[in-house]
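J.: Submitted below is the structure of interest, expressed as structure tokens.
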Amino acid sequence: GDSVTQKQGQVTLSEDDFLFINCTYSTTTYPTLFWYVQYPGQGPQLLLKVTTANNKGISRGFEATYDKGTTSFHLQKASVQESDSAVYFCALDDNNRIFFGDGTQLVVKP
Amino acid sequence: GALVYQYPRRTICKSGTSMRMECQAVGFQATSVAWYRQSPQKTFELIALSTVNSAIKYEQNFTQEKFPISHPNLSFSSMTVLNAYLEDRGLYLCGARGDNSYEQYFGPGTRLTVL
């Protein structure tokens, strides 16, 4: 079945540090891949999506490349801010069913 | 813009009782609604997917007998947790999507506590 793996439970950085959050996926289809961000007390919000292999999604300084060869969709940001602190979920869409990774808590210290 | 509301935001019920929660889409037509449960550890479980004019599809470990869902129109869905027990605790989220859209809009969730 479909699955998404995020190895990092928590990432702690200082402002202006480089962010890298690992994500790999497993599926027999050609899914759309997403990154969602969840702030306390809210539902997940779409951060970026990529529908086609080898394409890159970019939003609010975050970017992720859909790598079909390595089945990865790692999230990166060149310079994080304290306001980026949240939980980040990698996800894939299989025919309207979204499968989420376990999430990575990002803590950015001022 | 597209928004999804969920009611109630928080609820407490006694073990063995039932709880109904609602999901309303505003600003778009919700042709499909998916219900999820998020555990205290933040992991998501997909409960079921409801698509207008199609049968509701439940994921493994979730049944209609335990989590009956109604999706009567393009703006509203409800789900009931029947005979709730401790293991049913969590944040119940609905994600709604319109036709020709890749984005699933999520509500803020209904947090269920079972005593």
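The values are calculated or read from the model by the stated rules, or taken from the named source; none is laboratory data. Everything quoted here is computed from the prediction, not taken from an experiment. Note that each Cβ is placed from the backbone with ideal geometry, even for glycine, and that neighbours are counted across all protein chains shown. Ligands, DNA and RNA are excluded from the accessible area calculation, which covers all protein heavy atoms including side chains. Shrake-Rupley method; radii C 1.70, N 1.55, O 1.52, S 1.80 Å.
J.: Do you know which residues across region B:79-115 are of a type in the set (D, E) and within 19 Å of A:Q42 (Cβ to Cβ)?
T.: B:E103
J.: Sticking with this structure for a sec: Filter region B:9-19 down to residues that are outside any loop (DSSP other than H, G, I, E, B) and either of a type in the set (A, V, I, L, M, F, W, C) or open to solvent by 60 Å² or more (accessible area, probe 1.4 Å) (or both), then give me how many there are.
T.: Qualifying residue count, region B:9-19: 4.
J.: Looking at the structure I just gave you, is A:D16 under 25 Å from B:T110 (Cα atoms), more than 14 Å from every other protein chain (Cβ to nearest Cβ) and at pLDDT 95 or above?
T.: Answer is no for this residue.
One line per residue, one yes/no per condition, for (1) under 17 Å from A:V107 (Cα atoms); (2) of a type in the set (A, V, I, L, M):
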{"position": "A:L33", "(1), (2)": "no, yes"}
{"position": "A:L48", "(1), (2)": "no, yes"}
{"position": "A:N55", "(1), (2)": "no, no"}
{"position": "A:R60", "(1), (2)": "no, no"}
{"position": "A:L75", "(1), (2)": "yes, yes"}
{"position": "A:Q81", "(1), (2)": "yes, no"}
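J.: Which number in (1) within 11 Å of chain A (Cβ to nearest Cβ); (2) open to solvent by 40 Å² or more (accessible area, probe 1.4 Å); (3) polar (S, T, N, Q) marks the one condition that B:Q6 misses?
T.: Single failed check for B:Q6: (2).
J.: Then there's this: Being among the β-branched types (V, I, T) and closer than 24 Å to A:V37 by Cα is the requirement here; does B:V33 meet it?
T.: Yes; evaluated as a whole, the condition is true for this residue.
J.: Give the residue that is modelled with the lowest pLDDT, with candidates limited to residues of region B:36-57 that are away from chain A (no Cβ under 11 Å) and closer than 17 Å to B:S75 by Cα.
T.: Among them, the one singled out is B:N53.
J.: Please name all residue pairs, on different chains or six or more residues apart, with Cβ atoms under 7 Å, provided the first residue is in region A:84-110 and is facing chain B (nearest Cβ under 8 Å) and closer than 14 Å to A:L13 by Cα and the second residue is open to solvent by 20 Å² or more (accessible area, probe 1.4 Å) and basic (K, R).
T.: If the second residue must be open to solvent by 20 Å² or more (accessible area, probe 1.4 Å) and basic (K, R), the pairs left are A:V87/B:K42.
J.: Scanning for something over 11 Å from the mean Cα position of the chain (by Cα) and within 14 Å of chain B (Cβ to nearest Cβ), does region A:67-82 turn up at least one residue?
T.: For region A:67-82, residues over 11 Å from the mean Cα position of the chain (by Cα) and within 14 Å of chain B (Cβ to nearest Cβ): absent.
J.: Could you look through region A:35-64, keep only residues that are out of contact with any Phe, Trp or Tyr (no Cβ under 8 Å at 6 or more places or on another chain) and not polar (S, T, N, Q), and pick out the one that is farthest from B:R97 (Cα to Cα)?
T.: A:G61
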